[in-house]
Amino acid sequence: MATITSTGLGSGLDIQNIVTSLVDAERKPTEARIQRQQDQIQAQLSALGQLKSDLGEMDAALGKLKSPIFWQRHQTSSSNEAVVTATAGAVAREGQYQVTVNQTAQAHAVASGTFSSVDEVVGGGTLTIRFGTWSYDADGNPTTFAAAAGGAAQSLTIDTSNNTLSGIREAINDAGVGVRASIVNDGSGFRLVLTSERTGAGNALEVSVSDSDGNDTDAAGLSRLAFNASAHNMTQTLAGRDAELEVDGIAVTSPTNLVTGVIDGVTLNLKSAAPGSTVTVGVSLDDEAITEAMQGFVDAYNQFRAHATEATAFDKEQNVAAPLLGDSTVRSVNTQLRRLIGQVVPGLEDAGIRSLADVGLSTNKDTGQLSLDTAKFKAMLHDHPREMQALFATRGDTSDAQIRYFGATPKTRAGTYAVEVTALATQGHFDGASVLPADFAATPLVIDADNDEFTVEVDGVRSGPIQLTQGSYASGDDLAREIQNRINDDAALKAAARHVEVSYDSANARFVLTSSTYGSSSQVSFAAVDNNTAGTLGFSVAAGTAGTDAAGKINGVAAEGKGQFLIGAEGDASEGLQVKVLGGALGERGSVTLIRGVADRLDDLLKRLTGSGGSLADKMDGLNSRLDKLNQEKHKLDDRMQRLEAMYLKKFNAMDALVAQFKSTGDFLTQQLKALEPKSDN
């Protein structure tokens, strides 16, 4: 406010109070109008914020309903969970299965003789561990060992840094070779126990020793830890064995107690053996969870409807309008939601289930609220599972078994699209040079320090140094498995999910390395690094042959090829539609039909409404812009009132000064007149 003040000394008037009253009289009508508009806009923003929050909750409630997998959710039961339990996936089928667990799977374990302390020196040399299957004699003693196909020997060096009982335990555990080492005090001394980390008869241990004392089989030095066909210096404490069970009377064996592949989509978890006892395992659709998710959406929708009705109402008794009465944005949102919820899903016009009304959802004509007939809904879940999935989620069906629907984007329109394949995707590969022995059996290939190391790149990811197990290989297939296992076990490649398949091409006496991926980014090559010593294997530093992408058309328009995938072209109705071409002939390959269910389409609508550029966001942005303008108008009013107050004060102060001057003149004249009066003798 202005700082000019006046005491009204000349006129005797309260000038400050007069000016303040005049300014307030000028300010109040405009200020009241601005405040009224601000309050109205704030009420509208608050109501819109509530509706936007409600729509967000509705969208969250659609999260499960729009997932095709959710509609195939199953639950399991067991008549004896102490013996066997189960879990079921999306492809499981409803039913009951009779399971008898005769034997559970067990991991192989061996134990050393006793040592006086954990710090006693055992010996030095090399421990080599392999996994495979032991054969047993009539008394149960292991006799011969058959190494597992594709399994590679793991060697550990034992020297002065780790040659104690505890040091060997730590060396084995740190090496991560698939063996758990522990030390047990049995009362007479300390024993090293080695246990395979995997159960099953085919995952038993063989421990070979290269003892620094020159004798690999005696009961002295490191050879005390030998457990192989030549020396059983360790004692078998647990035999590796497979689980044995019967499912609906059919005998089944499994290397683990998690049994998969016996019942479609079901994993049996064997807890304990109970020969002769039958356990009933039930698999059923989890209709309770699906119905609960559906009710969650209904509740979220009804909450929005209730708040929308409240925000657009008119109270006749109080003659008061709600903040969004007559708002076109809210009316448009309501209309779009009602239309989408009530319409027939495109693509299901001729199906047994076409709309939400067919599955127990109804609308109150007076309130617009939804209600769910849960009994009817559950019945439809069991009677029409695929139609229910299509009604809510996105579903893609192909007419060719080797063309798989893989996904779509919000831009992909529902419909049926022709698929044409003009080229199949290929994998990148590296063909080694023909420098290997033509007959491995006659001339075994020796892997030693001169040819046991190389570095490879798979799909652009470089491995660390690959170290082959040294030894004499009399089979190209055996060496191919060793190369494959060592490459696929590399930490850098595993972290990037890169894998290769290595085969031996006997006709050309060479190894062929093939990437597991397809497409133009698929390639295997050997890097130019100092550690590449595997030239004798035909692995010269060079780039292999890159793979190629699939090619073809979707809906008659050239599709984007990416690996084995064809993706609908931008701007076409099929934009973003993805199909995977597994194989087959070139040419016309039938069609893919995309059905976008209610939940999926609602999700797209809600994201458009509430997202940036959506109608609700635009409406709120417009209101906030009006608030900013009103705030600016309020600041301008303050500035104008300050100027007005200053003007009034200036004028009133001038008047006061003039009055004071007139008063002074009057006082002077009065004195002069008194001086002219005749003096009385009296």
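When segment 562-584 is limited to residues that are in contact (Cβ under 8 Å) with a residue 40 or more places away in the chain and of a type in the set (A, V, I, L, M), the one that is surrounded by the most Cβ atoms within 10 Å (Cβ to Cβ) turns out to be Leu566.
Within segment 145-172, residues that are farther than 18 Å from Gln470 by Cα and in the same structural domain as Phe131 (by TED's automatic domain parsing) sit with their Cβ atoms under 6 Å from residues that are among the acidic types (Asp, Glu) and at pLDDT 85 or above, at 6+ positions apart or across chains, in these pairs: Phe145/Glu206; Thr164/Asp119; Leu165/Glu120.
Residues that are among the hydrophobic types (A, V, I, L, M, F, W, C) and over 22 Å from Ser522 (Cβ atoms) number at least 3 in the following strands (runs of 3 or more DSSP E) confined to segment 548-602: 587-596. Look at segment 635-647: where a residue is surrounded by 14 or more Cβ atoms within 10 Å (Cβ to Cβ) and a partner is part of a helix (DSSP H, G or I), sitting 6+ places away or on another chain with Cβ atoms under 6 Å, you get Leu637/Thr30; Met641/Val23; Met641/Arg27; Leu644/Val23; Glu645/Val19; Glu645/Val23. Say we look at segment 609-625 and pick out the residues that are surrounded by fewer than 16 Cβ atoms within 10 Å (Cβ to Cβ) and among the charged types (D, E, K, R); which of these is nearest to Leu55 (Cα to Cα)? Selected residue: Asp618.
Looking only at segment 50-70, decide whether some residue is over 34 Å from the mean Cα position of the chain (by Cα) and not aromatic (Phe, Trp, Tyr).
Within segment 50-70, the first condition is being over 34 Å from the mean Cα position of the chain (by Cα), and the residues that meet it are none.
No: segment 50-70 contains no residue that is over 34 Å from the mean Cα position of the chain (by Cα) and not aromatic (Phe, Trp, Tyr).
Exactly one of (1) surrounded by 14 or more Cβ atoms within 10 Å (Cβ to Cβ); (2) at pLDDT below 95 is unmet by Ala86. Its number? With respect to (1) surrounded by 14 or more Cβ atoms within 10 Å (Cβ to Cβ); (2) at pLDDT below 95, Ala86 is out only on (2).
The lone criterion from (1) in contact (Cβ under 8 Å) with a residue 24 or more places away in the chain; (2) over 30 Å from Val456 (Cβ atoms) left unmet by Thr426 is number (2). When Ser117, Ser135 are checked against the criterion of being of a type outside the set (D, E, K, R) and more than 27 Å from Arg241 (Cβ to Cβ), Ser117 stands alone in meeting it. Within segment 422-441, the residues that satisfy the criterion of being part of a strand (DSSP E or B) and surrounded by 14 or more Cβ atoms within 10 Å (Cβ to Cβ) are Thr422, Gln427, Gly428, His429, Phe430, Asp431.
Against the criterion of being among the aliphatic types (A, V, I, L, M) and closer than 30 Å to Phe145 by Cα, Val83 does not qualify. Of all residues assigned to segment 269-276, at least one qualifies as being assigned to a strand (DSSP E or B) and under 37 Å from the mean Cα position of the chain (by Cα).
Restricting Val330, Val359, Val419 to those that are over 34 Å from the mean Cα position of the chain (by Cα), buried (at least 18 other Cβ atoms within 10 Å of the Cβ) and touching a residue at least 24 places away in the same chain (Cβ under 8 Å) reduces the list to Val330.
The values are calculated or read from the model by the stated rules, or taken from the named source; none is laboratory data. Keep in mind it's a predicted model, so treat the numbers as computed, not measured. Note that we place each Cβ from the backbone using ideal geometry, even for glycine, and neighbour counts take in every protein chain shown.
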